[in-house]
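Engineer: I'd like to ask you about the structure that follows.
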Amino acid sequence: MELPTQTFRVTRADLVRYAGASGDFNPIHWSDRTATKVGLPGVIAHGMFTMALVGRAVTTWAGAPDAVVDFNVRFTRPVVVPDTDEGTEVEVSAVVKEVTDDGLTRLDITATCLGEKVLSQARATVRTPR
Amino acid sequence: MSLDPSFVGRTYPPTAPYQVGREKIREFATAIGATDPAHHDPAAARALGHPDVVAPPTFPVIVTMAASRQIIEDPVLGVDYSRVVHGDQRFAYTRPVVAGDELVCVNTIEEVTNRGGHGFLTTRTDVSTVAGEPVVAVWSKIVVRGEA
């Protein structure tokens, strides 16, 4: 079963706010000068910010903020965030792989930016919604 | 650079307790756009059976990233942090983190490999309360990129 795709807008302001809230002040997430110096096309989102957006998608699908039992991702491609009002977008979709007898649902998740996958092996196990 | 595989299995001393604050959970939830009342309103969290506001699923990274400095800054292991890229991340929950938790982290190095000039380091952080109740196990794989 496919779950409805969720889209998240990501701007530079979001990255600054996430840096402050998470304590991850790596300058590749706010300084183009630093990002390009290490070979990136520009400022990129924190991998953990992308994972947090996927977490929002998962809890929304599960219908409960405390439903996540297991959650893992592999970061394969950076989410480049231009310094514009629009920023960029991350699209998150998932398929239900399994619903177990003991009340768990396993999801295989896809996250893309500009049509390219930014995560692989993204999976979550949630308590099956009642 | 090359990472020393003999570090596999090494466990570090427990970290000082991290006090999970209600406002920190609210701040983190706001930063990721998580608007569910259970992240913000203690009454909404209590209605779900929790003692106080519930942290979003990736919140524990705040605690474990700080704790992992033990490993990243271990001078004997010698990780060059400016060359570190995040590879994989996993959270396996016993229960959600809630405001009021006092969390202690125990870091273990699970895997060290070197391939194609890059070093790969997988750590497991067992996060429990000061009373010893397990809360979440967190795995993080980092890539230490070799010199170009």
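Every number in this text was worked out from the coordinates using simple rules, so none of it is lab data. These numbers were taken from a predicted model, which means no experiment stands behind them. Glycine also receives a Cβ, built like all others from the backbone with ideal geometry; neighbour counts cover every protein chain displayed.
Engineer: Rounded, prolate or oblate: pick one for the range A:60-123, where a ≥ b ≥ c are the square roots of the eigenvalues of its C-alpha gyration tensor, a/c under 1.5 means rounded, and failing that, prolate if a/b is larger than b/c, else oblate. Please list the in-between numbers first.
Structural biologist: Values: a/c = 2.91, a/b = 2.09, b/c = 1.40.
Since a/c reaches 1.5 and a/b is larger than b/c, the shape of the range A:60-123 is classed as prolate.
Engineer: Could you pull out every one of the lysines with an alpha carbon less than 29 Å from that of A:Lys37, ignoring same-chain neighbours closer than 8 positions?
Structural biologist: Partners within reach: A:Lys117, B:Lys141.
Engineer: Enumerate the amide H contacts of A:Gly23 below 5 Å, restricted to partners 5 or more residues apart or on another chain; note that Pro and chain-start residues carry no placed amide H.
Structural biologist: Excluding prolines and chain starts, which carry no amide H, there are no hits.
Engineer: Helix A:47-62 against the longest principal axis of chain A: what's the angle in degrees, Cα atoms only, rounded to the nearest 10?
Structural biologist: 30 degrees
Engineer: Through the Karplus equation 6.51 cos²θ - 1.76 cosθ + 1.60, θ set to phi - 60°, convert the phi angles of the range A:4-19 into ³J(HN,Hα) values in whole Hz; use x for Gly and Pro.
Structural biologist: x, 5, 10, 10, 10, 7, 10, 10, 4, 4, 4, 5, 5, 5, 5, 4
Engineer: Just counting partner chain Cβ atoms within 10 Å, what average do the residues of peptide B:32-40 show around their Cβ?
Structural biologist: Details: counts 13, 9, 7, 2, 7, 1, 4, 3, 0.
If you average over the peptide's residues, the count of other-chain Cβ atoms is 5.
Engineer: How big is the range B:1-46 along each principal axis, measuring the range of its Cα positions in Å and listing the largest first?
Structural biologist: The principal-axis extents, from largest down, are 49, 24, 14 Å.
Engineer: I need the phi-derived Karplus couplings for the range B:135-142: 6.51 cos²θ - 1.76 cosθ + 1.60, θ = phi - 60°, integer Hz, Gly and Pro marked x.
Structural biologist: 10, 7, 10, 10, 10, 9, 10, 10
Engineer: Amide H neighbours of B:Asp101 under 5 Å, at least 5 residues apart or on other chains, H built in the peptide plane: list them.
Structural biologist: Sorted by chain and number, the residues that satisfy this are B:Val20.
Engineer: For peptide B:80-87, how many partner chain Cβ atoms fall within 10 Å of a residue's Cβ, on average? Walk me through the numbers on the way to the answer.
Structural biologist: On the way: counts 0, 1, 2, 1, 1, 5, 9, 5.
Other-chain Cβ atoms within 10 Å of each residue's Cβ, averaged: 3.
Engineer: Sticking with this structure for a sec: Under the √(5λ) rule applied to the eigenvalues of the Cα gyration tensor, what semi-axes describe the equivalent ellipsoid of chain B? Give them in Å, descending.
Structural biologist: 32, 16, 11
Engineer: Also, quick follow-up: Once phi is turned into ³J(HN,Hα) by the Karplus curve 6.51 cos²θ - 1.76 cosθ + 1.60 with θ = phi - 60°, what whole-Hz value does each residue of the range B:101-115 show in order, with x for glycine and proline?
Structural biologist: So the Karplus estimates, Gly and Pro as x, are 4, 10, 10, 10, 10, 10, 8, 10, 8, 9, 8, 9, 9, 10, 8 Hz.
Engineer: Enter the mean number of other protein chain beta carbons within 10 Å of the beta carbon of each residue in A:116-125, as an integer. Provide the component values of the computation, followed by the final result.
Structural biologist: Details: counts 0, 0, 0, 2, 1, 2, 0, 1, 2, 2.
That average works out to 1.
Engineer: How far is helix B:22-31 tilted, in degrees, relative to the longest principal axis of the Cα atoms in chain B, given as a value from 0 to 90 rounded to the nearest 10?
Structural biologist: Around 70 degrees separate the two axes.
Engineer: Please list, in order, the residues from the range A:53-81 whose amide nitrogen is less than 15 Å from a point placed 7 Å along the Cα→Cβ vector of B:Asp41.
Structural biologist: Inside the label zone: A:65.
Engineer: Under 25 °C and 0.890 mPa s, how fast does the range A:2-127 diffuse according to Stokes-Einstein, given a Kirkwood radius computed over C-alpha pairs? Answer in µm²/s, whole number.
Structural biologist: Values: Rh = 15.2 Å.
In µm²/s, the coefficient rounds to 162.
Engineer: Where does each of B:Val76, A:Val118 land when they are ranked from fewest to most other beta-carbon atoms within 10 angstrom?
Structural biologist: Numbers: B:Val76 7, A:Val118 25.
Least crowded to most crowded, the residues run B:Val76, A:Val118.
Engineer: Distance between Cα centroids, the range B:1-72 to the range A:2-33: provide it in whole Å.
Structural biologist: 17 Å
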